[in-house]
Amino acid sequence: MNSKTNQTAKTFGIVGFPLSHSLSPLIHNSIYKDRGINASYLVFETSELNSKTIQEFRNSGILGLSVTIPHKEKAFALADKADDTSTIMKASNTLLIGPNLVHAYNTDGEGVYRSILELFPESLNVGKTVILGSGGSARGIAYNLAVSGKIQNLLLCSRNETTAKEICTLVSENSNARTEYITRDSLFSRKEEISLVIHTTPLGMKGQAPGPFLPEFFLIRT
């Protein structure tokens, strides 16, 4: 990132680790081409994200970043300003890099919520929703679902009890939804209560165990 990118084009990218699985470059660059947008979208695979990295992006002419695992919470901490979801849930998936300030946004939850409304709207009105995982993605998704008013009960199932309970607390303090931390074992015995499962763990990504987090029987209605 030492050399300037093409100054006539706007340059964006995705930062995270690992990124060999990511379809973001293909999606964004295809859209730029189809719509005649003079821009490019690059891959920045790095296990570190800090103030020095942000300055290197700025010096290289990078205007914005999609942020993925494991940097979403760090991205929020590095920002000078942030939207409400980022501020409340302490995680961001988008950074806009200005000449002096970095602005953080969290669009994870809104994207998931809109997809559910379009494809599986009935799942929000029947039973409880469970989110698997308690990382950066889970934070934004939990918050947006809770404040939508469409769900009344939200379960967080994660190997990390501390972060899962933190998400439950933040959501409960900022919405009317009832939240509960639940272990994987107890989740099995409450299968019939659940109408929607949202998977946010890195399981199945390159370098991670193939899964499944949940056995097949859990996903079959009897």
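The values are calculated or read from the model by the stated rules, or taken from the named source; none is laboratory data. Keep in mind that what you see is a predicted model, and the values were worked out from it rather than measured. FYI the Cβ positions are ideal-geometry reconstructions off the backbone, even for glycines, and counts take in every protein chain you see.
Quick notes on this structure:
Yes/no matrix, rows are residues, columns are (1) over 17 Å from I198 (Cα atoms); (2) among the charged types (D, E, K, R):
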{"position": "E56", "(1), (2)": "yes, yes"}
{"position": "G64", "(1), (2)": "yes, no"}
{"position": "F76", "(1), (2)": "yes, no"}
{"position": "K81", "(1), (2)": "yes, yes"}
{"position": "T85", "(1), (2)": "yes, no"}
{"position": "S158", "(1), (2)": "no, no"}
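- Segment 123-143: number of residues that are surrounded by fewer than 24 Cβ atoms within 10 Å (Cβ to Cβ) and part of a strand (DSSP E or B): 3
- In the set (1) under 18 Å from H199 (Cα atoms); (2) surrounded by fewer than 21 Cβ atoms within 10 Å (Cβ to Cβ); (3) in contact with a strand residue (DSSP E or B) (Cβ under 6 Å, 6 or more places away or on another chain); (4) not polar (S, T, N, Q), I151 fails one condition alone, (2).
- Near pairs, Cβ below 6 angstrom, 6+ apart or cross-chain, from segment 134-163 (closer than 10 Å to A177 by Cα) to any residue that is part of a helix (DSSP H, G or I) and polar (S, T, N, Q): Y143/T85
- Checking each residue in segment 73-116 for being surrounded by fewer than 20 Cβ atoms within 10 Å (Cβ to Cβ) and among the charged types (D, E, K, R) picks out E73, K74, D80, K81, D83, D84, K90, E110, R114.
- Test: residue in segment 39-52 that is outside the structural domain of S175 (by the TED database), in contact with a Pro (Cβ under 8 Å, 6 or more places away or on another chain) and among the β-branched types (V, I, T): yes
This table checks each residue for (1) within 22 Å of L49 (Cα to Cα); (2) modelled with pLDDT of 95 or more.
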| site | (1), (2) |
| --- | --- |
| N106 | yes, yes |
| Y113 | no, yes |
| F120 | no, no |
| L124 | no, no |
| I141 | no, yes |
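For every residue, the table says whether it meets (1) on the phi < 0 side of the Ramachandran plot; (2) part of a loop (DSSP other than H, G, I, E, B); (3) more than 19 Å from the chain's Cα centre (by Cα).
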position	(1), (2), (3)
L96	yes, no, no
A104	yes, no, no
P121	yes, yes, yes
L145	yes, no, no
K165	yes, no, no
C168	yes, no, no
E180	yes, no, yes
F188	yes, no, yes
V197	yes, no, no
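- Hits in segment 78-94 (condition: outside any loop (DSSP other than H, G, I, E, B), over 18 Å from G13 (Cα atoms) and touching a residue at least 12 places away in the same chain (Cβ under 8 Å)): K81, A82, T85, S86, I88, M89
- K81 vs. criteria in contact with an Asp or Glu (Cβ under 6 Å, 6 or more places away or on another chain) and either assigned by the TED database to the domain that holds T169 or over 27 Å from R159 (Cα atoms) (or both): no
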